[in-house]
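Quick one: the structure is below, and I'll ask about it shortly.
Values in this text are rule-based calculations from the coordinates and carry no lab data. Since the structure is predicted, the reported quantities are computational estimates derived from the model, not experimental observations. With ideal geometry, Cβ positions are generated from the backbone for all residues, glycine too; neighbour counts draw on all protein chains shown.
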Amino acid sequence: MGEYIFMKTENIFKMKRLNKSLTALTTWVLLSVFATSCTDILNPEAEDALTPQQVYRNLDDANTTLRGIYGKLMDCAPQYVVLNELRADLMDVTNNADQSLMEISWHETASADNEWADPSNFFSLINTCNDAAVNFKLMYEENKINREDFNVRYSEAVAVRTWAYLQVALHFSDKEKGGVPYFTNPIDEVDDLNLSALENVPYLPLEVMVDTLLNTMVNLPYKSKITDESLITTISTFNSQYMYIDKEYLLGELYLWNGDYYMAASSFKNIMDRSTTEDINNPFDRYKIPFDASATLSASTSRYNSGYARYYGNDRFSIRNNWPYMFFDIETNNYYNEWLWVLYFDQINEQSPFIDLFAKEGGNYMLKPSNLAIENWDSQVQQNSFKGDFRGYFFKPEGYTWYDNDGNEYTVLDYVSTFGLPGSYDIDNGDPVIMKYIYDYSQYSQGFDLLDKSGRWFLWRAAGMHLRYCEAANRDGQHRVAYALLNNGIRANFPGSDPDAADNDYTHKHQTELPFPYNFDARSTSSGDIPPGLRQPWFRNIGLRNRVSLSNYQIESDSLSEIEQHILEESALELAFEGQRWSDLVRIAIRNGNNSILADKVAEKLNNAGLDGEAVRTKLQDRNNWFLPLE
């Protein structure tokens with residue numbers, strides 16, 4: 001039988017964290033959990049087949065099944081990134097790419113054996129979730145698990161299925177039936193995507209699918225973070241809670257797709273407010289895009305802010321690029337203040353597929369940043385009028401050699417300790433290399449080992465949530481709130497006060513004074529102010545662009561359309577290569593009834609690469625051509 005692994009046997013994963021002295025940290029062993037293929041379980045012809053009564057016996061079996069779902073989910077990781085990024089405008093193929101990747105990037109008709117255009121992994125995951133959901137119900141009805149245990153595990157299986165269905169509906173469609181099959185009961189042979197087995201199920205187009213998925217999620221019995229101790233494992237302080245899907249985030253995403261902007265903003269604000277209700281140790285930092293309270297911009301305390309050494313804000317040689325550490329850190333408060341959903345690959349059982357796609361050394365270097373993505377970063381203007389974005393490539397000054405106190409030329413790690421990490425991509429012998437997924441597997445990692453191909457799959461984080469919240473708030477008429485979080489924070493954009501009040505009266509300053517979900521209080525006062533000694537949850541919020549020392553976007557006329565366009569631009573700069581881009585382009589194009597929003601971006605990428613982008617522009621003006629054929 002097939003075995004799907006969430007956290008694998010002897011899963012030795014070297015997690016590295018870079019502090020000021022660049023010491024390597026821990027090597028630790030993750031828990032082993034196996035789950036059996038539900039397709040084989042339910043297939044009566046399978047040799048030594050097990051019945052549901054033999055597999056779903058008790059709570060331990062239910063937990064094993066749930067972790068098995070996540071093993072299946074990890075099979076989708078490379079395809080998720082390729083479909084959502086390579087089909088859009090920020091990722092491109094290298095000369096090493098095969099025909100299958102070129103077809104995806106260039107929107108050509110996919111060959112019959114193009115594995116990237118095959119939805120089987122997603123449908124196999126969906127079927128695994130269906131099997132689990134159905135049998136969790138049976139377990140509860142037969143008193144094998146209690147109501148609380150059922151609620152948690154059933155909701156988790158359905159949430160992962162929802163995520164998978166959204167991905168399938170984004171990328172595939174049956175040309176005759178106009179959508180993708182939607183089924184909630186397990187069926188056999190789904191690994192081969194035998195469409196004859198799905199003849200009697202409805203086929204749902206994207207918008208109908210979103211509405212169906214939203215109704216399902218709204219009615220789940222459990223929507224909170226998983227806290228069940230039997231499902232949470234803490235090893236070397238790493239909290240496996242962050243491996244489970246964030247159902248509140250998924251709800252917000254579906255509300256956003258469905259055009260219910262108030263509810264979308266509410267879902268995302270609930271997550272933003274968790275630190276004041278669930279984690280009182282980080283009330284000013286957790287998911288709030290905070291400033292560096294120490295003002296040192298050191299890698300360990302910077303909260304992923306990038307800028308310049310104190311008092312050297314106009315000195316190109318004093319850069320401190322700490323933003324990329326979110327893809328390098330582990331087991332830090334900074335890390336947990338940013339990330340909501342991360343999954344892990346290990347060296348022993350399932351190596352990271354991203355090394356092969358992105359790395360030059362040890363990989364096949366098949367994908368790279370598009371020229372358009374690089375130009376986007378390079379064209380940004382910083383607050384000191386320098387050009388460039390720390391989130392692109394903003395590393396050590398070129399043409400200058402650094403020496404330590406003994407006269408020895410700096411090593412790579414010396415440069416990192418001085419300037420920080422490069423950004424979303426690096427330059428290797430003149431070639432741009434996507435780094436977000438391979439920082440652990442690079443020269444920047446002390447103790448770098450070509451044979452250790454463990455890694456991480458980064459899915460959802462605070463900055464992406466802020467961008468989606470801004471998108472919802474802007475559409476809900478709260479343009480100023482959206483502008484503040486997008487640019488330089490709540491305090492800077494809500495200075496207000498009663499004009500008759502004393503200068504030191506902060507009663508009405510630095511807060512939106514709006515009802516939920518637009519209530520932000522960023523007040524901070526000293527002992528001599530009124531009220532004295534006040535620290536409200538959002539006083540450290542610095543804004544997405546200010547976090548990396550960029551100038552604010554300027555709004556000239558229509559704030560709604562301009563802010564939405566800037567949100568789309570900022571998403572490209574902030575979330576490039578993280579699997580968000582295609583969905584952003586599709587969602588905003590559909591919302592505006594303007595297919596050119598998507599078609600123009602893809603055409604620009606191809607034109608910039610010396611290809612025929614105009615033919616692709618014409619093709620993508622027809623929405624039917626956005627979807628890969630389900631066949």
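So how compact is the stretch 35-260: Cα radius of gyration and Dmax in angstrom?
Expressed in Å, the Cα Rg and Dmax of the stretch 35-260 come to 18.4, 58.
Between Asn384 and Val218, what is 0.36 nm times their sequence separation minus the Cα-Cα distance? Round to one decimal in nm.
Working it through step by step, the gained length comes to 55.1 nm.
Between Glu115 and Ser298, what is the label-to-label distance in nm when each label sits 7 Å out along the Cα-to-Cβ direction?
Here the answer is 4.5 nm between the modelled labels.
Lys and Arg at +1, Asp and Glu at -1: add these up for the other residues within a Cβ distance under 13 Å of Gly593 and post the number.
Surrounding charge for Gly593 is +2.
Label point 7 Å out from Asn371 along Cα-to-Cβ: which residues of the stretch 597-627 have amide N under 15 Å?
602-614
May I ask which of Lys177/Lys223; Lys72/Lys453; Lys288/Lys453; Lys72/Lys177 have a Cα-Cα span longer than 22 Å here?
Lys177/Lys223; Lys288/Lys453; Lys72/Lys177
Also: Could you rank the peptides 255-266, 554-565, 56-67 by their average count of other C-beta atoms within 10 Å per residue, with the highest value first?
For the peptides 255-266, 554-565, 56-67, the packing ranking is 255-266, 56-67, 554-565.
Further, regarding this structure: When a/c reaches 1.5 or more, the comparison of a/b and b/c decides; with that in mind, is the stretch 147-187 rounded, prolate or oblate per its Cα gyration tensor?
Cα axes put the stretch 147-187 in the prolate bin.
Given N residues in the chain, what is Rg(Cα) / (2.2 N^0.38 Å)?
That ratio works out to 0.96.
Further question: Full extension from Arg623 to Asn58: what is 0.36 nm times the residue separation minus their Cα-Cα distance, to one decimal in nm?
198.6 nm
Under a point spin-label approximation (7 Å from Cα along Cα-to-Cβ), what is the Val201-Lys175 distance to one decimal in nm?
Simple spin-label model gives 2.3 nm for this pair.
Counting helices only, and only those DSSP H runs with n ≥ 4, report the 222 nm mean residue ellipticity of the chain as the sum of -39,500 (n - 2.57) divided by its residues, in deg cm²/dmol to the nearest 500.
My calculation for the chain gives -11000 deg cm²/dmol from helical runs alone.
Now, a different point. Output the relative contact order of the chain, whole-number percent, from Cα pairs under 8 angstrom with separation of 6+ residues.
16 percent.
Now a separate question. Hey, fewest Cβ within 10 Å first, where do His107, His466 land in order?
His107, His466
So for Arg623, Arg617, fewest C-beta neighbours within 10 Å to most, what's the order?
Placing the least packed residue first, the sequence is Arg623, Arg617.
Further question: Would you mind checking the pairs Lys247/Lys436; Lys175/Lys247; Lys225/Lys605 and listing those with alpha carbons more than 27 angstrom apart?
From Lys247/Lys436; Lys175/Lys247; Lys225/Lys605, over 27 Å: Lys175/Lys247; Lys225/Lys605.
Would you grab the residues whose amide H sits under 5 Å from the one on Asp174? Only those 5+ places off in sequence or on another chain, please, with H modelled 1.01 Å from N.
Gly179, Val180, Leu630
Taking the simple approach of a point 7 Å from Cα along Cα-to-Cβ for both Ser561 and Glu108, what is their distance in nm?
3.7
Over the stretch 35-260, calculate the relative contact order: mean separation of alpha carbon pairs under 8 Å at least 6 apart, over the residue count, as a percent.
20
What FRET efficiency, computed as 1/(1 + (r/R0)^6) with R0 = 22 Å and r the Cβ-Cβ distance, is obtained for Ile427 and Glu361, rounded to the nearest 0.05?
0.95
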